[in-house]
Amino acid sequence: MARRSTKTPPPDDFEERILDIDVVDEMQGSFLEYAYSVIYSRALPDARDGLKPVHRRILYQMHEMGLRPERSYVKCARVVGEVMGKLHPHGDSAIYDALVRMAQSFSMRVPLVDGHGNFGSLGNDDPPAAMRYTECRSAPASGLMVESIDEDTVDFAPNYDGSEQEPVALPSAYPNLLVNGASGIAVGMATNMAPHNLGEVVAAARHLIRHPGADLETLMRFVPGPDLPTGGKIVGLDGIRDAYEKGRGTFKMRATVAVEQVTARRKGLVVTELPFAVGPEKVVSKIKDLVNAKKLQGIADVKDLTDREHGLRLVIEVKNGFNPEAVLTHLYKLTPMEETFGINNVALVDGQPLTLGLKELLEVYVDHRFEVVRRRSEFRRSKRRDRLHLVEGLLVALLDIDEVIRLIRGSENAAEAKQTLMERFGLSEVQTQYILDTPLRRLTRFDRIELESERDRLREEIEELTRILDSDAELRKLVSSELAAVAKKYGTKRRTELLDSAESPVTAVPLQVADDPCRVLLSSTGLLARAENGTADTGAGAEAKRVKHDVIVSAVPATTRGEIGAVTSAGRLLRLAVVDLPQLPETGGPPNLSGGAQVSEFLTLAADESLICLTTLDESSPGLALGTAQGVVKRVVPDYPAHKEELEVISLKEGDRVVGGAELRTGEEDLVFVSSEAQLLRYPAGQVRPQGRAAGGMAGIKLAPDAKVLSFTAVDPSADAVVFTVAGSHGTLDDSVATAKLTPFDQFPRKGRATGGVRCQRFLKGEDCLTMAWAGPAPVRAATRTGAPAELPEPDPRRDGSGVPLAKPVAALAGPA
C-alpha cells in the first residue's frame, strides 16, 4: 500500500521568494552576534559591580530567596534551580561552578557566598561535592552588593523569556571588581584581573572622591599592588605599574617559605602560602617528577601536612650537605612555587569592552556609587513625601474629627463621603481615601501625638535628603563615609607581601608611605591632622601670625605608618592609623588645622560622646592620666593589645564622664582638678597608683554637693604654667556677662589627693559658678567656638581674685603646640 504524502500544499496565492545571501556575509554577521552575546552576556564582568551575568543572577536570586547570613543554609541545588529557571538560560553546571567559586576563600578576597560542605580545595586538587550535597547562604559581603536594590538604585531588564525582571548591575557598596578580581575568556578577548585588599581599594576610592584629579602615583600609595587570597609574595612591581597605567602587565607570584629544622638531623623548607590558584598536590607532583627525572637534587622527601586547623603546610625535607636556600632557588625556577600572573583589565563600560587602568576602574565605580546613592536618596525622599502627604491629611481630619464623622455618616455612599470631605477640608483624593480607610481606633489623641511626631521626623528626613541631592559636596561626603564604614567593618590586613625584586622586600600601604617622625594634632574645633616635626612656630613671633583653628588641644608624637590612641569621654580608647590623617603643609608659622579633617571621618562616636585627648600607644611610658566629672582620677597602666581596635581605659560610674586626660611623659607631673565651685586641687601624679584598664580609678578631688569637675590636666611643675578660669551663673548662658582670670600656676600650693583644694577665683555679684577652666603651660592660646583666635586678660597674681570681662567669648585653650 502506497504511503500518502502529509506535506501541506502551498496556498493558491503563495509566491515563492528566495534571497541570495553570500555565505561569507552570513557567517560574519552570525559570528559577530555570537561574539557580542558571549562578551556581553557571559564572559566579561561589568566595571560597575565587577560581576558577570551568572554571578549577578546568583546573588540577586539568593537575595530574592531571603538567604541572608542569619538564615539557615539551603541546598545549593535549590539555588541553582531557581537561578536557571528564572534568570540564567544555560546549564546547571555553569551556575554551580560560579556559585562554588564565590564561596571559596582561596579564590575570592572577600567571599560572597557562605558555603557549608565540601566546596573544593586550593588548585582544585579536591573538587567540590555535587550540588545536592552542599548548602549555601549569602555571605555578609554579598548583602553589600544588593544593599538598597529595592529602592530604585539600579535599572532592571527583562529576563530571557520576559517573565521576570533582573538588575543590569548591582548597587555594589564596595569596589568588587578590584577587590575580588575576575577572569573570563570571550570571543577575541579575555579578562584576567587580580584581587586586591578591600581597605586599600576603598582608601584609594575615597581619595579619588575628595581629589578627582589625583594621578596614578598618588593612587598607588593607597593600592601598591594586588593582595591575593592565598597570600604569598609578589616579585617585580614594574609589571603592576604598567597594569595600573595601561590595563595590562605581568608579575610573578611566589610561595611563602621558611627554613626550619623539620627533624632532629635534617632541615627543610616549610611552605605556608602558595601562589594564587596553585594547590599543594600540583606542587608535590611536580617535585616528585623532577626528582625522578634527576632534574632536581637535594630533596629527601615531600610531605603535605595541610589540615583545617593549621592551614597549608607543605614540608620539603632537604638532604644533608645541601644548602636549603640554593634548593629553594631551583624550586622557584622549576615548580609552580613561582608562577606568572598576567593582568588584563578588560571590563564592560556602558556595554562596551574596554581595557582600564587603576584610575579608570575606580572612576567607573565611584560614578556608579554616585548614581546609586542619588537614586536611593530620590526614592527615599519620594516615599517620605508620599507618607507626609497622608499624615498631614490625617492630622487635618483629627483636628475636627466630629465633623469628619458627621459628614461620613450623612453621606449616601463612600464616593459621596469622599467628595464631601475633599470639598469641606480641601484634601486631595489620596488623603481622603486614606482617612476613609483608617479605622476609628486609630483616631485617638495619642495617635495624634504620634502623627505629629512622625510628621516632624518626615520633614527632617526630607530636608536632609534634599540637602544631599542639591549638593554635590554632600553627595560625595556621604558616598565616602559609606565606603569608610564598609572598609572598617569588612577590611582585613594585607596578606600578600610585595617585593620590588627577588631580594628587597617592599611593604604595602600604609607602609608605602615613608615612616617619618611626625606629630598628630587635634584642634579645639575637632579637626585632626598630622604635621612634620618642626612645622609649628611656637616662639613669641608666632602670636602675630595666628590664624583660625590654631589652638591645638592635644598633640602626640608618632610616625607616619604608626598608630595612636584617641580617648573619648565615655572612657574608650580607639586606635587611629596616622597615615589616614591629612598632612598639613609647612607654613613656617603656627599649625593651621584648616586643612585637617573632622574626627567623625575617622572615629565613630556616640551622640553624647566627645574626643578628649590623643595618646601614644607606647607601653614604656608612665601611662595615661584621666579625670572625670565626678572627681575620679586614674592612672592607666599602658597595656594596649595590638589586635584590639577599641579598649576600655576606665570603668565609669553611671552618669559620669571623662573630662580630661593626658599622657604622662615623666611621671613627675602635677595632676590638676578645677571644679565648678572654683576650687583647684594640685598634687603629684605619684600619689595616684597605676591601675589596669578595667579599673574604675580612685578619689581625685573632694567635691561640694552639686559641684562637678570642669577641667583635668597634667602640668610639668618646673615649666612656666598658668590657670585660666571663667565665672558665670547657672541661670544664664550669655558669654557677655562672663568674667575671666589668668593666674600663674605657682600661686596654687600642692595639696593631698582627694582633698578640696584651694579657691582659684572669687565670684562677683551675679556669679555663682565657673563655666570654664584650664591649667597648662604658657604661652597659652585661646579660641572661640568657631576656632578664631581670642584674646586673654593680663595675668593676675592673686590666687583668689575676681575676674575681668572678656573681649570675646573663649571656648578652648591650649599651651604650645
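Among the residues making up the range 281-325, a single one is among the basic types (Lys, Arg), at pLDDT below 90 and surrounded by 12 or more Cβ atoms within 10 Å (Cβ to Cβ): LYS319.
Scanning the range 339-347 finds no residues that are of a type in the set (A, V, I, L, M), outside any strand (DSSP E or B), in contact with a helix residue (DSSP H, G or I) (Cβ under 7 Å, 6 or more places away or on another chain) and crowded, with 19+ Cβ neighbours inside 10 Å. On inspection, GLY393 qualifies as surrounded by 15 or more Cβ atoms within 10 Å (Cβ to Cβ) and not β-branched (Val, Ile, Thr). The single condition among (1) crowded, with 24+ Cβ neighbours inside 10 Å; (2) in a loop (DSSP other than H, G, I, E, B) that GLY231 does not satisfy is (1).
Taking VAL318, is it among the aliphatic types (A, V, I, L, M) and in contact with an Asp or Glu (Cβ under 9 Å, 6 or more places away or on another chain)?
no
Taken residue by residue, the range 606-615 has no member that is charged (D, E, K, R), crowded, with 22+ Cβ neighbours inside 10 Å and at pLDDT 90 or above. Going by what's in this entry, would PHE763 be described as of a type in the set (Phe, Trp, Tyr), buried (at least 16 other Cβ atoms within 10 Å of the Cβ), out of contact with any Leu (no Cβ under 8 Å at 6 or more places or on another chain) and within 25 Å of GLU791 (Cβ to Cβ)? Considered against the rule, which asks whether it is of a type in the set (Phe, Trp, Tyr), buried (at least 16 other Cβ atoms within 10 Å of the Cβ), out of contact with any Leu (no Cβ under 8 Å at 6 or more places or on another chain) and within 25 Å of GLU791 (Cβ to Cβ), PHE763 comes out as yes.
Determine whether the range 396-416 contains at least one residue that is touching a residue at least 40 places away in the same chain (Cβ under 8 Å), within 29 Å of GLU151 (Cβ to Cβ) and in a helix (DSSP H, G or I). The answer is no; no qualifying residue exists. Is the range 712-730 home to any residue that is touching a helix residue (DSSP H, G or I) at 6+ places or on another chain (Cβ under 8 Å) and of a type in the set (Ser, Thr, Tyr)? Within the range 712-730, one or more residues are touching a helix residue (DSSP H, G or I) at 6+ places or on another chain (Cβ under 8 Å) and of a type in the set (Ser, Thr, Tyr).
It is to be established whether one or more residues within the range 246-256 are assigned to a helix (DSSP H, G or I) and touching a strand residue (DSSP E or B) at 6+ places or on another chain (Cβ under 9 Å).
Among the residues of the range 246-256, at least one is assigned to a helix (DSSP H, G or I) and touching a strand residue (DSSP E or B) at 6+ places or on another chain (Cβ under 9 Å), which makes the answer yes.
The values are calculated or read from the model by the stated rules, or taken from the named source; none is laboratory data. Computed from a prediction, not measured in an experiment: that's the story for all the values here. Counting neighbours? That spans all protein chains shown, and the Cβs are built from the backbone with ideal geometry, glycine included.
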